[in-house]
């Protein structure tokens with residue numbers, strides 16, 4: 001079992017990576033995912049060299065841009081889309097330069113604009129607060145594919161795996177791309193084996209509930225394209241990014257997942273939460289199946 005944790009897990013709102021990364025290296029982890037909730041600073045590359053994790057993954061909006069930007073490679077606003085693609089190329093260059101195993105990008109969304117949620121909301125615990133009516137699905141999907149084509153080529157030149165994160169929401173229906181199995185069949189028909197998936201178990205569990213598909217069948221069909229799995233607990237309605245609990249739905253699915261990095265992706269958690277969650281995962285892995293499911 002390979003256990004990573006995202007640097008998004010500690011702190012509230014925008015955090016300084018220098019306040020997060022050194023302490024995470026003291027935790028019982030196999031690697032670190034550099035996440036999307038940090039403030040810009042000019043020496044991030046040096047900081048990662050000084051506090052280098054044993055293994056590294058890079059996620060979406062890392063490194064952050066000097067000016068705030070919500071990445072949306074499917075945006076129908078040409079300026080937002082160009083800025084998103086340009087910044088994703090910068091992130092790919094950073095990931096390749098620091099020896100990351102893969103870079104994950106969000107596939108984009110159909111809302112006209114969005115702003116990052118500064119903290120967990122009781123009404124809708126979600127990474128973004130979407131604004132405005134959604135664009136047409138087919139236009140957004142085509143824009144996403146066009147962007148991914150260029151980004152995939154750029155990543156391959158740097159010897160880096162490019163993955164998109166699986167999406168899903170109960171509370172924000174009609175805003176997201178890449179929630180349903182048919183979308184992935186369509187995507188892989190176009191891109192083949194070159195594109196990877198960062199399977200966000202929470203997102204896809206919510207998508208299965210919202211769209212009525214079988215999550216186990218989804219895993220069986222696409223698990224050979226998983227380069228990582230992001231995991232967190234929630235109440236089955238909201239993407240809360242909570243630490244694991246002993247009775248979490250997550251443990252039902254762990255035995256069905258391929259041997260890829262399991263990324264603990266929490267919000268507003270403590271180092272003890274990461275340690276406890278990692279310990280629970282390892283304990284389940286060490287427990288014979290006959291006892292786990294008795």
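The table below lists the values:
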item: Residue check, residue 11 in contact (Cβ under 8 Å) with a residue 12 or more places away in the chain, surrounded by fewer than 19 Cβ atoms within 10 Å (Cβ to Cβ) and within 27 Å of residue 274 (Cα to Cα); result: yes
item: Residue pairs meeting the criteria (Cβ under 9 Å; at least 6 apart or on separate chains; first closer than 18 Å to residue 197 by Cα, in the range 240-259; second loosely packed, with under 13 Cβ neighbours inside 10 Å); result: 253/216; 256/216; 256/220; 258/224
item: The lone exception for residue 75 - which of (1) crowded, with 19+ Cβ neighbours inside 10 Å; (2) touching a helix residue (DSSP H, G or I) at 6+ places or on another chain (Cβ under 8 Å); (3) at pLDDT 95 or above it fails; result: (3)
item: Filter result for residue 50 (free of Cβ contacts under 8 Å to residues at least 24 places away in the same chain and within 29 Å of residue 179 (Cβ to Cβ)); result: no
item: Enumeration of residues in the range 88-122 that are modelled with pLDDT of 90 or more, surrounded by fewer than 19 Cβ atoms within 10 Å (Cβ to Cβ) and closer than 27 Å to residue 138 by Cβ; result: 89
item: Boolean, residue 57 is part of a loop (DSSP other than H, G, I, E, B) and closer than 13 Å to residue 33 by Cβ; result: no
item: Filter pass, residue 271 being surrounded by fewer than 20 Cβ atoms within 10 Å (Cβ to Cβ), touching a helix residue (DSSP H, G or I) at 6+ places or on another chain (Cβ under 7 Å) and modelled with pLDDT of 95 or more; result: yes
item: Lone qualifier among 262, 242 - being in contact with a helix residue (DSSP H, G or I) (Cβ under 7 Å, 6 or more places away or on another chain) and modelled with pLDDT of 95 or more; result: 262
item: Check on residue 36, touching a helix residue (DSSP H, G or I) at 6+ places or on another chain (Cβ under 9 Å), assigned to a loop (DSSP other than H, G, I, E, B) and under 24 Å from residue 169 (Cα atoms); result: yes
item: Some residue of the range 29-37 being surrounded by fewer than 15 Cβ atoms within 10 Å (Cβ to Cβ) and without any contact (Cβ under 8 Å) to a residue 40 or more places away in the chain; result: no
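The values are calculated or read from the model by the stated rules, or taken from the named source; none is laboratory data. It should be emphasised that the depicted structure is a prediction, and the values quoted were computed from it without experimental measurement. So basically every Cβ, Gly included, is an ideal-geometry build from the backbone, and we count neighbours across all protein chains shown.
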